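Working notes, beginning with the structure itself.
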Amino acid sequence: MWKDIGDREMGKIRPNSFSSRIKSNRISNLQLSNNKDIVSPHRGSINSLQVDLTEGRYLLSGASDASAAVFDIQRATNYEGDGLIAKHKCLFSVDKQHQKGHKYAISSAIWYPVDTGLFVTGSYDHHIKVWDTNTTQVVMNFKMPGKVYRTAMSTLATSHMLIAAGTEDVQVRLCDISSGAFAHTLSGHRDGVMTVEWSTSSEWVLITGGCDGAIRFWDIRRAGCFLVLDQSQSQLGQRPPVLARSAANKVSVSKSLSAGQNLLVKSRVPQKKYANGHGMKQSTIARMPSKGSARQRLHPGMLSIQDRATAHYGAVTGLKVTDDGMYLLSAGSDSRIKLWDLESGYNTLVNFGKVRLQASKAIQLAVSQDSAQVFVPCMAVVKAFDVWSGKMSLTFRGHYESVNCCWFSSQDQELYTGGNDRQILVWSPSKTITDDTNGRQAKDEDSWSD
């Protein structure tokens, strides 16, 4: 680390490169925190975790005992162990005892994307509730046709305030906070919708994964899905960067143009005069009707073959879009993790190996801020995989039962995990002794040189 700092001081490393190196180094040294403890008030399994996107300070959790809690992860409630262990107790919680609380398990708890004044919970009691954080009161309630598996709101939206809800019903419903009513429904899945995720590159694109094994893409401004991922359509690995692709395209175009010019020079022969008075025949393309025999281009989601395509051999239990919006990670009950190229819609064939995943409920995946690592709950452990190679880099062991959700905080490079053991664990970068000793040696050398 100190070498990178020295290179940055000398101007050998650019600021962005230096920042990414430090963050990658911190992520590679994640371990169970010895100085930060989340005191969980839940009496059931933790199903959902999210740190707010505005301040990066408040952690929201939802559990199977129909309770939701909010924690301040920046300011500790008290300290133990001679001030070495920071205890973070919940600021408040809402449970069954609340007058308008949920009656059954909370499966999803998310913050309002642009303000911590609201949060949203979805439950197995067929209700989605919008809560006022300051008064802990329900300000909006949506009755759904079945159990709510997952809810999501777009972090880019400036034109709508929609909550996408995946339930045990085949239709995806969009709940409008501004009007308090359903905006519309999205029909296409043949079984319940277990997970929903908004695109990180467009506020209008919604991605859903169903129990029918299908991953569908929707433009909420029009009817029908516009893309269904097919695991049989694949490409090998990551596509090249935009600059490299544009340079390659320019080279190929220039080569083709030069080859065409050479061909024209070689094939230039005396031309005959035809009846029309010109030196060449009338073009056959000019005589073709514009809409003659060409097959009508149908909406991809409406074609019968593509409409029945599947992304997994089983239910799709988890979805996560990379921060740049170019790739999608999916997990299924077939114990497979897949990486999809969203530009082409193809499976990149990155081999993550066969992992043990929960099949009966949705799981919450997390990615690092540079989208280089993906954190996957694998039964009682959490595994970190390299997104582009599929190699497992880290294994986090600390839970006594199955892990359901994880959330990566890019602000502090910390990982939060929740499981059936009712615990919320914090994984922080370790403070290595070598860094401190190297720093002292560097300071000593500077002092001696002075």
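Assorted remarks:
- When residues in region 57-71 are screened for being open to solvent by 10 Å² or more (accessible area, probe 1.4 Å), farther than 18 Å from Thr151 by Cβ and over 22 Å from the mean Cα position of the chain (by Cα), 1 of them pass.
- One residue stands out in region 121-145 among those that are assigned to a strand (DSSP E or B) and over 18 Å from Ser61 (Cα atoms): the one that is least open to solvent (accessible area, probe 1.4 Å), namely Phe142.
- With respect to being farther than 30 Å from Thr417 by Cβ, open to solvent by 50 Å² or more (accessible area, probe 1.4 Å) and modelled with pLDDT under 75, Met10 fits the description.
- Of Asp334, Asp370, all but one fail to be open to solvent by 20 Å² or more (accessible area, probe 1.4 Å), touching a helix residue (DSSP H, G or I) at 6+ places or on another chain (Cβ under 8 Å) and among the acidic types (Asp, Glu); the exception is Asp370.
- Considering residues of region 158-209 that are open to solvent by 30 Å² or more (accessible area, probe 1.4 Å) and of a type in the set (Phe, Trp, Tyr) only, the residue farthest from Asp115 (Cα to Cα): Phe182
- Of the criteria (1) buried (at least 23 other Cβ atoms within 10 Å of the Cβ); (2) more than 18 Å from Ser108 (Cβ to Cβ), which one Val148 fails: (2)
- Long-range neighbours under 6 Å by Cβ, at least six apart or interchain, first residue under 18 Å from Ser93 (Cα atoms) within region 118-129, second crowded, with 21+ Cβ neighbours inside 10 Å and of a type in the set (D, E, K, R): Thr121/Lys129
- Reported count of residues in region 17-56, each being farther than 20 Å from Val367 by Cβ, in contact (Cβ under 8 Å) with a residue 40 or more places away in the chain and open to solvent by 40 Å² or more (accessible area, probe 1.4 Å), is 8.
- Phe142 vs. criteria closer than 26 Å to His189 by Cα and at pLDDT 95 or above: yes
- Ala76 being assigned to a loop (DSSP other than H, G, I, E, B), crowded, with 20+ Cβ neighbours inside 10 Å and either among the aliphatic types (A, V, I, L, M) or in contact with a strand residue (DSSP E or B) (Cβ under 9 Å, 6 or more places away or on another chain) (or both): no
- Single match in Ile85, Ile106 (criterion: more than 28 Å from Lys391 (Cβ to Cβ), of a type in the set (A, V, I, L, M), open to solvent by less than 40 Å² (accessible area, probe 1.4 Å) and touching a residue at least 24 places away in the same chain (Cβ under 8 Å)): Ile106
- Screening Trp388, Trp407 for residues that are under 16 Å from the mean Cα position of the chain (by Cα), surrounded by fewer than 20 Cβ atoms within 10 Å (Cβ to Cβ) and in contact (Cβ under 8 Å) with a residue 24 or more places away in the chain leaves exactly one candidate, Trp388.
- Search result, residues across region 221-230 that are open to solvent by 30 Å² or more (accessible area, probe 1.4 Å) and in a loop (DSSP other than H, G, I, E, B): Arg221, Arg222, Ala223, Asp230
- All positions within region 354-367 that are open to solvent by 20 Å² or more (accessible area, probe 1.4 Å) and in contact with a Lys or Arg (Cβ under 9 Å, 6 or more places away or on another chain): Lys354, Gln364
The values are calculated or read from the model by the stated rules, or taken from the named source; none is laboratory data. Please read these numbers as outputs of a predicted model, since none were measured by experiment. In this analysis, Cβ positions are derived from the backbone assuming ideal geometry, glycine residues included, and neighbour counts consider all displayed protein chains. The protein model used for the area step is the full one, side chains on, heavy atoms only, and it has no ligands, DNA or RNA in it. Shrake-Rupley method; radii C 1.70, N 1.55, O 1.52, S 1.80 Å.
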